[in-house]
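Notes follow the structure.
The values are calculated or read from the model by the stated rules, or taken from the named source; none is laboratory data. What you see is a predicted model; the values in this text were computed from it and never measured. Counting neighbours? That spans all protein chains shown, and the Cβs are built from the backbone with ideal geometry, glycine included.
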Amino acid sequence: MIRTENLGKRYGRLDAVAALDLRVAPGQVLALLGPNGAGKTTSMRMIAGFLQPTTGRAMVCGYDVVREPIKARRALGYLPEGAPSYGELSVAEFLAFAARVRGLTGISGARRMDDMIERLQLQPVLAQGIETLSKGYRRRVCLAQALLHDPPVLILDEPTDGLDPNQQREVHALIRGMARDRAIIVSTHALDEVRAACNRVAILAKGRLRAEGTPAELESRSRYHGAVSFRAPASALARELLARQPEIDTVEVDAIDGRTTVFPRDGQDIFQIVVKLLAEQRVRIEELQLERGRLEDVFRQITDEAGAEPAVAA
Amino acid sequence: MSAAASAAGDRMQRGRAFRGVFLRELHGYLITPVAWLFAVIFLLSAGAFTFYLGAFFERGQADLDPFFRFHPWLYLVLVPALAMRLWAEERRSGTLELLLTLPIRPWQAVLAKFLAAWVYIGCALALTFPMWLTVNYLGQPDNGVILASYIGSFLMAGAFLAISECLSVLTRSQVIAFIVAVAVCFLFLLAGDPLVQQPLLALGSGRVADAFADLSLLAHFQAISRGVLDLGDVAYFVLTIVFWLAANVAILDARRGG
């Protein structure tokens, strides 16, 4: 559905994006993560056909976005960075423009428009000029434009930026609902969005793809994966004993919330060991958890590694 | 679906996209104050110049020469003002990204914007019809000359518009787009005038100066407004428009590549 091969964009000596190979199948929602300047927006712009790649190519539904731009764009819904729209138009006028350009006319077109207006809750502002709207409404107006023609491929650059938590949840539900038969790429800075709406993750840093997989796969690369954390008052002795176990690597106590995290040595299963030891020591446990791993942790680890490399191509 | 039917569908879809952009642009003129200002100032100053500077009554001749004589100078300021936002605003607000990822070719977007603005200017020009009624009431003018002048005026506005639209794509700033467009339009307006010719001659190239003199918008407009709708003059305006629109498409493409 979406495929990039060796996709790259070079500005002078700077590789904004290099050697990007992505594949997103129908049913997949790929979260594109990365620090600012990692090349997320540039990649999305190339896939959407706005920027011409310097190397490689991007395909949407089998159409090369450079060679067959019209066919590729027809299959594509695109929310550009910053959710731009024509401020002097009203919401209804802007959506009517998008519908006309996409060839959505007559009853079916009107029905699609009503559907989008309802799902994105634009009813109260339909007659209002877009430039008078709040950031959240503007984003939803532009999102409506991207979804209006029911495209099989969606590229959404920060779809929930500027939305309040309720609206974010709505958009996540919308994305999940559409994912069934569509290929979707979403860029975001909010890592909880990944769990809420995405089933694949790709991490970019310095223009290169650094990691890709399901959220669970990436979480398992975290040093927290398989760790056991608990909260228990007066457990100093138990912590000492835990640290001496051969299966256990280190024991850390969070300075702020006092939570203890026990890290396994070489990925060993330590849950039962911790539980047994705490029980033997008669520690009163308030909370106990087997950690899946933390995406934040993996994200930082991967982007820190990339940060050590020079950004400018030789 | 057969290949032929699919190709026909493609054309229809593309036609829709073109029409959509054209109508949006035209609609934009009806709801933005800049466009209304353009129409009002054009009509007011066209009238004022004709009667005061052009001495319409005092000349005692039933023609519209004093009216058309000032059109190049009105367009010089007003057309760049109307066109400055065409691309600069799209670039500033980011809607360029939206526009160029619609199922539309860049040349169609360029042409749709151009045609919408040209139609709007044409409407403003058509609203000067009371002038024509006045001369016909006062005397017996040569209506052929007047018609030719109207056509010439419209073509000249198109040339100014194509130049201004093309220059608007170079910047995000409407002010810069306006100033550069006025300067370039001025240069082409007076290409045959000593003001432009003398520096060129001073640089020592008589042939370049002559060639540039042939590009003078003013000379071609005056030729048409004398009542001779010469094919060469019309072709000059059409080619000027085509050249600047093509340059516009090329710059737009280059920006996406860069």
Being within 14 Å of chain B (Cβ to nearest Cβ) and in contact (Cβ under 8 Å) with a residue 40 or more places away in the chain, is that true of even one residue in the range A:116-125?
no
Which numbered condition trips up B:HIS27, out of (1) more than 13 Å from chain A (Cβ to nearest Cβ); (2) in a helix (DSSP H, G or I); (3) without any contact (Cβ under 8 Å) to a residue 60 or more places away in the chain?
(1)
Please enumerate the residues belonging to the range A:130-151 that are crowded, with 19+ Cβ neighbours inside 10 Å, under 21 Å from A:LEU30 (Cα atoms) and more than 11 Å from chain B (Cβ to nearest Cβ).
A:ARG139, A:ARG140, A:LEU143, A:ALA144, A:LEU147, A:LEU148
Test result for A:ILE256, under 24 Å from A:LEU295 (Cα atoms), without any contact (Cβ under 8 Å) to a residue 24 or more places away in the chain and within 32 Å of the chain's Cα centre (by Cα):
yes
Is one or more of the residues making up the range A:263-278 of a type in the set (Asp, Glu), at pLDDT below 85 and out of contact with any strand residue (DSSP E or B) (no Cβ under 7 Å at 6 or more places or on another chain)?
yes
Quick one: A:ASP157 ticks every box in (1) in contact with a helix residue (DSSP H, G or I) (Cβ under 9 Å, 6 or more places away or on another chain); (2) closer than 22 Å to B:LEU102 by Cα; (3) surrounded by fewer than 21 Cβ atoms within 10 Å (Cβ to Cβ) bar one, so which box is it?
(3)
Candidate set: the range A:210-236, residues that are under 14 Å from the mean Cα position of the chain (by Cα) and part of a strand (DSSP E or B); chosen: the one farthest from A:MET1 (Cα to Cα)
A:ALA211
Answer yes or no as to whether A:GLY103 is in contact with a helix residue (DSSP H, G or I) (Cβ under 8 Å, 6 or more places away or on another chain), facing chain B (nearest Cβ under 9 Å), at pLDDT below 95 and over 25 Å from B:ARG92 (Cβ atoms).
yes
Among the residues of the range A:1-30, count how many are in a strand (DSSP E or B) and under 19 Å from A:PRO215 (Cα atoms).
6
Does A:ALA83 satisfy the condition of being more than 7 Å from every other protein chain (Cβ to nearest Cβ), part of a helix (DSSP H, G or I) and among the small types (Gly, Ala, Ser)?
no
Is there a residue in the range B:13-22 that is within 14 Å of chain A (Cβ to nearest Cβ), modelled with pLDDT of 90 or more, surrounded by 21 or more Cβ atoms within 10 Å (Cβ to Cβ) and closer than 21 Å to B:ARG172 by Cα?
yes
Matching residues, the range B:104-136, being part of a helix (DSSP H, G or I) and either in contact with a strand residue (DSSP E or B) (Cβ under 6 Å, 6 or more places away or on another chain) or not hydrophobic (A, V, I, L, M, F, W, C) (or both):
B:PRO106, B:GLN108, B:LYS113, B:TYR120, B:GLY122, B:PRO130, B:THR134, B:ASN136
Among the listed residues B:TRP132, B:TRP73, B:TRP36, B:TRP107, which satisfies the condition of being under 13 Å from the mean Cα position of the chain (by Cα) and surrounded by fewer than 22 Cβ atoms within 10 Å (Cβ to Cβ)?
B:TRP73
Assuming A:VAL91 fulfils every condition listed in (1) more than 11 Å from chain B (Cβ to nearest Cβ); (2) under 30 Å from A:ARG10 (Cβ atoms); (3) among the β-branched types (Val, Ile, Thr) apart from one, which condition is it?
(2)
Need pairs with beta-carbon distance below 9 Å; first residue more than 10 Å from chain B (Cβ to nearest Cβ) and closer than 22 Å to A:LEU148 by Cβ and within the range A:60-77, second hydrophobic (A, V, I, L, M, F, W, C) and in a helix (DSSP H, G or I); sequence gap 6+ or separate chains.
A:VAL60/A:ILE47; A:VAL60/A:ALA72; A:CYS61/A:ALA72; A:TYR63/A:ILE70; A:TYR63/A:ALA72
Tell me the residue from B:LEU64, B:LEU102, B:LEU127, B:LEU111 that is under 20 Å from B:PHE178 (Cα atoms) and among the aliphatic types (A, V, I, L, M), please.
B:LEU111
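Based on this model, can you work out whether B:SER225 counts as of a type in the set (Gly, Ala, Ser), farther than 23 Å from B:LEU98 by Cα, crowded, with 18+ Cβ neighbours inside 10 Å and at pLDDT below 95?
Criteria met by B:SER225.
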Filter the range B:228-250 for residues that are surrounded by fewer than 18 Cβ atoms within 10 Å (Cβ to Cβ) and either touching a Ser or Thr at 6+ places or on another chain (Cβ under 8 Å) or outside any loop (DSSP other than H, G, I, E, B) (or both) and give the result.
B:LEU231, B:GLY232, B:VAL234, B:ALA235, B:VAL238, B:LEU239, B:VAL242, B:PHE243, B:ALA246, B:ALA247, B:ALA250
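Looking only at the range B:100-115, how many residues end up being free of Cβ contacts under 8 Å to residues at least 40 places away in the same chain and more than 9 Å from chain A (Cβ to nearest Cβ)?
0
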(1) surrounded by 13 or more Cβ atoms within 10 Å (Cβ to Cβ); (2) farther than 30 Å from B:PRO66 by Cβ all hold for B:PRO199 apart from (1)
Counting only residues that are out of contact with any Lys or Arg (no Cβ under 7 Å at 6 or more places or on another chain), part of a loop (DSSP other than H, G, I, E, B) and farther than 25 Å from B:ILE151 by Cβ, how many does the range B:56-103 have?
5
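Anything in the range A:27-59 that is of a type in the set (Val, Ile, Thr) and within 14 Å of chain B (Cβ to nearest Cβ)? List them, or say none.
A:THR41, A:THR42, A:ILE47, A:THR54, A:THR55
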What's the number of the condition B:VAL79 fails, among (1) of a type outside the set (Lys, Arg); (2) modelled with pLDDT of 90 or more; (3) under 21 Å from the mean Cα position of the chain (by Cα); (4) surrounded by fewer than 20 Cβ atoms within 10 Å (Cβ to Cβ)?
(4)
Being surrounded by 15 or more Cβ atoms within 10 Å (Cβ to Cβ) and at pLDDT below 90: is that true of B:PHE49 here?
yes
